[in-house]
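The values are calculated or read from the model by the stated rules, or taken from the named source; none is laboratory data. Since we're looking at a predicted model, the values are computed, not measured. With ideal geometry, Cβ positions are generated from the backbone for all residues, glycine too; neighbour counts draw on all protein chains shown.
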Amino acid sequence: MAKILIVDDERAIRSTLKEILEYENHQVEEALDGAEGWEKIQKDGYDVMLSDIKMPRMDGTELLEKVLAAGIDCQVIMISGHGTIETAVECIKKGAYDFIAKPLDLNRLMITLRNALDKSTLIEETKSLRKKVTKSAEMIGESPAIRKVKDMIERVAPTDARVLITGQNGTGKELVARYIHEKSNRNISPLIEVNCAAIPSELIESELFGHEKGAFTSAIKQRKGQFELAHGGTLFLDEIGDMSLSAQAKVLRALQENKITRVGGEKEISVDVRIIAATNKNLKDEIARGNFREDLYHRLSVIIIDVPSLNERIEDIPMLASHFLHQICSDYGIPVKTMQPDAIKELMEIQWTGNIREFRNVVERLIILGEKEIRREDVISFARHSKQS
């Protein structure tokens with residue numbers, strides 16, 4: 001059942017539409033002109049609004065503009081007896097979902113309404129998923145070490161400066177990259193992630209820069225690379241210390257000239273991309289060994305953010321434990337379990353070689369194997385014992 005607002009100065013049309021839509025189990029309200037429609041839509045939320053164009057006090061076009069300018073989540077279907085192709089195109093350009101001319105074809109109206117409701121549902125689901133992703137990607141902790149990282153993100157994010165994120169495996173380098181992107185001026189464009197360690201060296205160039213049809217045996221069609229896909233946004237190069245030297249040379253050129261060339265191609269393609277890189281290696285040592293280009297290192301490391309290990313921020317463990325308890329229990333659809341203070345203390349005495357990733361896994365194990373209240377004995381049995389074995 002959807003909530004629908006009908007805005008029309010003709011009572012007969014309002015009554016007819018209301019009767020039809022209520023028969024379809026929708027909740028329907030009426031407004032006799034644009035001004036009344038605007039008052040109602042500000043007070044109550046509607047899934048769809050059906051609006052005439054020519055009305056006294058405020059016409060449908062002005063109402064549409066006000067709804068869109070206010071950022072109100074409502075699909076607007078324009079209806080009019082004075083419809084032309086130009087009018088329909090203009091309404092849709094302004095942001096209307098669709099335009100239907102009077103006299104109304106009820107079959108078309110019902111199909112359009114159903115599609116508009118489907119779009120509303122998708123928008124709501126997308127918002128819900130984004131909230132879940134944002135919630136799961138929270139940077140938890142208030143220790144001096146993690147506070148320093150948060151402060152650095154706040155300073156760096158609004159700029160286009162390249163950032164090199166360093167730290168051990170499992171510390172949350174990807175999370176830092178996402179935070180930088182979300183707080184940047186590029187956040188309406190994509191954040192494209194490339195794990196350089198997971199892509200074979202012979203394929204990394206094609207992955208980053210794309211390829212032309214026939215560039216190599218399996219290149220059966222043209223393909224855009226991640227630099228092109230990230231245009232206007234951010235490209236996150238994770239584990240960049242594992243990138244081949246030949247790919248490093250091409251990345252360096254792309255950073256110098258803001259241009260790329262697809263594998264097997266000759267045309268230069270301009271790209272506007274912010275680069276964030278991450279590594280668990282000491283790149284200066286890799287430079288000394290001849291595994292990493294020094295000039296690329298200096299291009300990438302305008303700003304360096306070192307993410308602390310969990311052992312360097314053990315005072316965050318109580319907060320992290322609470323966060324993961326709520327998150328994991330919610331994912332499993334079970335009541336939130338609690339953890340006794342001595343269990344927390346026991347967790348704080350463990351050496352976390354796998355950092356946050358390992359810690360989350362341990363909390364999940366304790367939730368699955370422990371009782372409603374997790375005890376110190378559970379931590380010894382299911383956390384310490386597993387690390388020793």
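Worth pointing out:
- Across the stretch 185-207, the qualifying residues are those that are in a loop (DSSP other than H, G, I, E, B) and in contact with a strand residue (DSSP E or B) (Cβ under 7 Å, 6 or more places away or on another chain), and the one among them that is surrounded by the most Cβ atoms within 10 Å (Cβ to Cβ) is 196.
- Checking residue 14 against (1) buried (at least 18 other Cβ atoms within 10 Å of the Cβ); (2) in contact (Cβ under 8 Å) with a residue 24 or more places away in the chain; (3) over 20 Å from residue 120 (Cα atoms), the condition it does not meet: (2)
- Filter result for residue 62 (under 26 Å from residue 111 (Cβ atoms) and out of contact with any Asp or Glu (no Cβ under 9 Å at 6 or more places or on another chain)): no
- Subset of the stretch 336-346 [touching a residue at least 24 places away in the same chain (Cβ under 8 Å), surrounded by 13 or more Cβ atoms within 10 Å (Cβ to Cβ) and in contact with a helix residue (DSSP H, G or I) (Cβ under 6 Å, 6 or more places away or on another chain)]: 337, 339, 343, 344, 346
- Which numbered condition residue 53 misses (of (1) surrounded by fewer than 19 Cβ atoms within 10 Å (Cβ to Cβ); (2) hydrophobic (A, V, I, L, M, F, W, C); (3) at pLDDT 85 or above): (1)
- If you go through the stretch 1-27 and keep only what is assigned to a strand (DSSP E or B) and over 17 Å from residue 100 (Cβ atoms), you end up with 3, 27.
- Residue in the stretch 68-85 that is modelled with pLDDT of 90 or more and among the acidic types (Asp, Glu) present: no
- Only one of 334, 287 that is within 17 Å of residue 241 (Cβ to Cβ) and of a type in the set (Val, Ile, Thr): 287
So that you can scan it fast, the table gives a plain yes or no per residue for (1) farther than 30 Å from residue 285 by Cβ; (2) touching a helix residue (DSSP H, G or I) at 6+ places or on another chain (Cβ under 6 Å):
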| residue | (1), (2) |
| --- | --- |
| 212 | yes, no |
| 224 | yes, no |
| 230 | no, no |
| 236 | no, yes |
| 241 | no, yes |
| 245 | no, no |
| 252 | no, yes |
| 259 | yes, no |
| 262 | yes, yes |
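- Among (1) at pLDDT 90 or above; (2) over 15 Å from residue 104 (Cβ atoms), the one test that residue 17 misses: (2)
- Positions within the stretch 347-380 being closer than 14 Å to residue 315 by Cα and surrounded by fewer than 20 Cβ atoms within 10 Å (Cβ to Cβ), in sequence order: 348, 349, 350, 351
- Residue match in the stretch 85-95 (condition: under 16 Å from residue 5 (Cβ atoms) and of a type in the set (Val, Ile, Thr)): no
- Failed item in (1) at pLDDT 85 or above; (2) outside any helix (DSSP H, G or I), with residue 138 passing the rest: (1)
- Selection from the stretch 47-62 of residues that are out of contact with any strand residue (DSSP E or B) (no Cβ under 6 Å at 6 or more places or on another chain) and either assigned to a loop (DSSP other than H, G, I, E, B) or among the aliphatic types (A, V, I, L, M) (or both): 54, 55, 56, 57, 58, 59
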